[in-house]
1. Relative to the longest principal Cα axis of the chain, at what angle does helix 258-268 sit, 0 to 90 degrees, rounded to 10?
2. With each label point set 7 Å from Cα along the Cα-Cβ vector, what nm distance links ALA308 and ASP170?
3. At most 15 other Cβ atoms within 10 Å and a DSSP loop assignment: could you name the trypsin sites (Lys or Arg not before Pro) in the stretch 113-167 that fit?
4. Mind checking the per residue accessible area of the chain for me, 1.4 Å probe, whole number of Å²?
5. Just to verify a number: what accessible area does THR138 come out at with the full protein assembly present, 1.4 Å probe, Å² rounded to tens?
6. How far is helix 33-43 tilted, in degrees, relative to the longest principal axis of the Cα atoms in the chain, given as a value from 0 to 90 rounded to the nearest 10?
7. Computed over the Cα atoms, what is the radius of gyration of the stretch 294-412 divided by 2.2 N^0.38 Å, N being its residue count?
8. Beyond 13 Å, what share of the Cα-Cα pairs of the stretch 352-412 remains, rounded to the nearest whole percent?
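The values are calculated or read from the model by the stated rules, or taken from the named source; none is laboratory data. Bear in mind that the values here come from a model prediction, so they are computed numbers and not experimental data. So basically every Cβ, Gly included, is an ideal-geometry build from the backbone, and we count neighbours across all protein chains shown. For the accessible areas, the whole protein counts, side chains as well, though only heavy atoms, and no ligand, DNA or RNA atoms are used. Shrake-Rupley method; radii C 1.70, N 1.55, O 1.52, S 1.80 Å.
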Amino acid sequence: MGILYDDVVIIRPPEKEGDPTVVTVNCPDKTGLGCDLCRIILFFGLNIVRGDVSTDGKWCYIVFWVVGKQKTRWSLLKKRMVEACPTCSSASGISYYRSDLQPPKPPDVFLLKFCCHDRKGLLHDVTAVLSELELTITKVKVSTTPDGKVMDLFFIIDNRELLHTKKRKDDTIEQIQEVLENSILTIDIELVGPEITACSQASSFLPAAITEDDYNLELPDSVRSGTLRSDYVSIMMDNSLSPAHTLVQIMCQDHKGLLYDIMRTIKDYNMKISYGRFTTKPRRKCEMDLFIMQADGKKIVDPNKQNALSSRFRTELFRPLRVAVVSRGPDIELLVANPVELSGNGRPLVFYDITLALKMLDICIFTAEIGRHVIGDREWEVYRILLDEGEGLSVPRNKIEEGVWKMLMGWE
């Protein structure tokens, strides 16, 4: 037995303007469920301003208070969150929940390729369409010819699993053609196999500015000023307050996807949260209490494990992504890197935010590619953007880095 399908995720609208929307999840527990739900919320462009988690290891109850876009498709959000919970079966005509028995098969990868005349903001406009259509970009290769034409290759996954149908494919092409208007020359979408995606691997060499192990954990000076100043990050672990759990207390500055970053770290370390509370305060301050345990059900008493987990939390709070603007011969290259979950999932909407920031800075993109690289002991998704200087790039490099960083962190 279980609970009714419609009651697994309940979304309650704000009682008055300015209040957050309350999202309640009540379902069987599974490792990493909190991370998966936070990732979906981030994908829909919403910010979590408060959260409560409670579980006995078998059943969990989670509440998120979220704010964000006015045009959020709440019914679709509910559907995606329900799908992340343990799967549904039917009993006497009523839908109930049970645990997953089989791992999901790898999703099909499609190649979207089009050629068009170049213009400022083109790449972001296409990325925005793909995001609205729930098409996840796994890799991209963009190049500009001397005569002002652009050849774009997007390797995409359809979260709705319908891109193999003619209707879904035609709808996608039609919406891209609408945003590109008269500039489009050719466009096509086709299913590709692993041998094609393997041939599209990004270049293996990465500049030291993005790969060094002691990558700067301090915020850029221009970002630390004013209301964006990061005064401190406090991480404390205590084994004396609970007979079965380690209490992790975190105080830090808020950023886009903060709770996802914390939950992803706990998931990657194969640890469990029995109880947790997350709240945001004025001036972007956050407080978090997490009662966690290891996979074997024991506290974290090993000092080495405590230090490793604390160090990873500190990295995620200070620098969840890496941003650098470097010289590439005579050209200027923007690099952005974000860690990949052990499950293989990348961070949502990174390419969307990068292209939006460059569009707002009035900077054109000459070439772009997305690839995955091992940096240190982790796999990272790396975005490499060669900037089109035209008659000379008028925006200073530090302003480019600052603008992209603020967009990614939700401080724009």
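1. Taking Cα atoms only, the helix is inclined about 70 degrees.
2. 5.5 nm
3. ARG119, LYS120, ARG160
4. On the way: 19960 Å² over 412 residues.
I get 48 Å² per residue for this part.
5. 40 Å²
6. Here the helix axis deviates by roughly 30 degrees.
7. On the way: Rg = 17.3 Å, N = 119, 2.2 N^0.38 = 13.5 Å.
Here the answer is 1.28, to two decimals.
8. Working: 1213 of 1830 pairs.
That fraction is 66 percent.
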